[in-house]
Amino acid sequence: MSKLPGSIKGKNTGIRRRKHMGWRDFDPLAHNVVAEDPNDMIASVANTGGNIVVTFQTACSVDSEHPTDYAVFAIPLTNNYGEPINFIEPFSLLTQIEFISATGDHSGNGQPELAWGLGICENPTDIDNQATNKWICHGLSQNNVSSSQHSMLQSKSYGGNSSQRSYTSNQGATTSLCHARYFVGPAVGSNNDCTNVQVIGQVFDYSGAAYSKDTSSQYDKLDIGQDNSVFESDGQVYLFAWVGSYGNTWDFSSSGTAPVLTCRLRYLVQHDSAGWGGTGT
């Protein structure tokens, strides 16, 4: 027998890649998070078994209705194999915003109205800079403590250097679970067209109540209305979490207790790095 090995040209042992299938928990303490709190709204954040626990500051003198002014935590958005997702590539993003509990004084006069959610942007290092960052986001705001009612809060870049928000009226009782779907592209980045970016959200009860849908509104839709407010980058998409107070200032230094919010933020991604396709003619 010949001792020479046969040809092994074209053979390989395959590629092992870690898969992240299904829903993923957002971790504000992950190693690659870029965090900022430009108006000093929160005192601390923790991750407890996938639950995000946020303790608010004793006092805050900033009144803002826009989530990019809150505490934000941004990560590069990756696909199921950990590969980066770029704006120029087709991707589908679903987010799930869940209220778990809140303690302390909140959502009353002179108290923070707890607000939290997720969004996407192109500049993670200076999210509240409306001239250099473009974004769109969706989440919840708790405006009625006694009946666990929430409003859907959405925000977007607007007019090239400003922001605009959408705030629904009180939803029904126990509307503590919110799902949103993001639509981005194909005409973003160097092909920016404002008709190509929008987010649509709906609110539900918990799984134990058969995910009963709130009927006070069918859905909340927000789209970017000007070409100069669309994502300008062809590169990396960033996913960011935001937590803060919608439209209220507070001071508990003499009386009252700063609130602690427990919530869960999750996301689900599909992606094709091969691009949008089409004949090009």
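Scanning region 20-53 for residues that are closer than 19 Å to Thr95 by Cα and in contact (Cβ under 8 Å) with a residue 12 or more places away in the chain yields a count of 17. So which residues in region 57-71 are modelled with pLDDT of 95 or more, under 23 Å from Ile100 (Cα atoms) and not in a loop (DSSP other than H, G, I, E, B)? Within region 57-71, Ala71 is the sole residue that qualifies.
Among the residues of region 233-246, those identified as buried (at least 17 other Cβ atoms within 10 Å of the Cβ) and either within 15 Å of the chain's Cα centre (by Cα) or assigned to a loop (DSSP other than H, G, I, E, B) (or both) are Ser233, Val237, Tyr238, Leu239, Phe240, Ala241, Trp242, Val243, Gly244. Is it the case that Ile75 is assigned to a strand (DSSP E or B) and of a type in the set (A, V, I, L, M)? It is true that Ile75 is assigned to a strand (DSSP E or B) and of a type in the set (A, V, I, L, M). In region 102-128, the residues that are more than 26 Å from Asp251 (Cβ to Cβ) form Cβ pairs under 9 Å with partners that are modelled with pLDDT under 90 and charged (D, E, K, R), at six or more places apart or across chains, as follows: Gly119/Lys156; Cys121/Lys134; Glu122/Lys134; Glu122/Glu232; Asn123/Lys134.
Scanning region 43-56 for residues that are surrounded by 13 or more Cβ atoms within 10 Å (Cβ to Cβ) and closer than 15 Å to Thr103 by Cβ yields Ala43, Ala46, Asn51, Ile52, Val53, Val54, Thr55, Phe56. Does Ser44 satisfy being at pLDDT below 95 and out of contact with any Leu (no Cβ under 6 Å at 6 or more places or on another chain)? No.
Does Ser253 qualify as being of a type in the set (S, T, N, Q), part of a loop (DSSP other than H, G, I, E, B), in contact with a strand residue (DSSP E or B) (Cβ under 7 Å, 6 or more places away or on another chain) and more than 15 Å from Leu153 (Cα to Cα)? The answer is yes for Ser253.
Can you tell me which residue is modelled with the highest pLDDT among those in region 86-101 that are over 25 Å from Phe204 (Cβ atoms) and surrounded by fewer than 24 Cβ atoms within 10 Å (Cβ to Cβ)? Working first, answer last.
Here is the first cut: in region 86-101, the ones over 25 Å from Phe204 (Cβ atoms) are 86-90.
Add one more test, that the residue is surrounded by fewer than 24 Cβ atoms within 10 Å (Cβ to Cβ), and what stays is 86, 88-90.
Details: Asn86: 93, Ile88: 88, Glu89: 90, Pro90: 90.
Step by step, filter region 86-101, then rank; the result is Asn86.
A residue that is modelled with pLDDT of 95 or more, exposed (fewer than 14 other Cβ atoms within 10 Å of the Cβ) and β-branched (Val, Ile, Thr) occurs nowhere in region 260-273.
With the structure loaded, tell me whether His106 is in contact with a strand residue (DSSP E or B) (Cβ under 6 Å, 6 or more places away or on another chain) and under 19 Å from Leu265 (Cβ atoms) or whether it fails that test. Lay out the reasoning, then the answer.
Values: in contact with a strand residue (DSSP E or B) (Cβ under 6 Å, 6 or more places away or on another chain): yes; under 19 Å from Leu265 (Cβ atoms): yes.
Taking the combined requirement at face value, the residue satisfies it.
Please determine, by comparing only the residues of region 67-85 that are touching a Ser or Thr at 6+ places or on another chain (Cβ under 8 Å) and surrounded by fewer than 22 Cβ atoms within 10 Å (Cβ to Cβ), which one is farthest from Gly247 (Cα to Cα). Of everything passing the filter in region 67-85, Glu83 is farthest from Gly247 (Cα to Cα).
The values are calculated or read from the model by the stated rules, or taken from the named source; none is laboratory data. It should be emphasised that the depicted structure is a prediction, and the values quoted were computed from it without experimental measurement. A quick note on method: Cβ atoms are made from the backbone with ideal geometry, for glycine too, and the neighbour counts reach across all protein chains shown.
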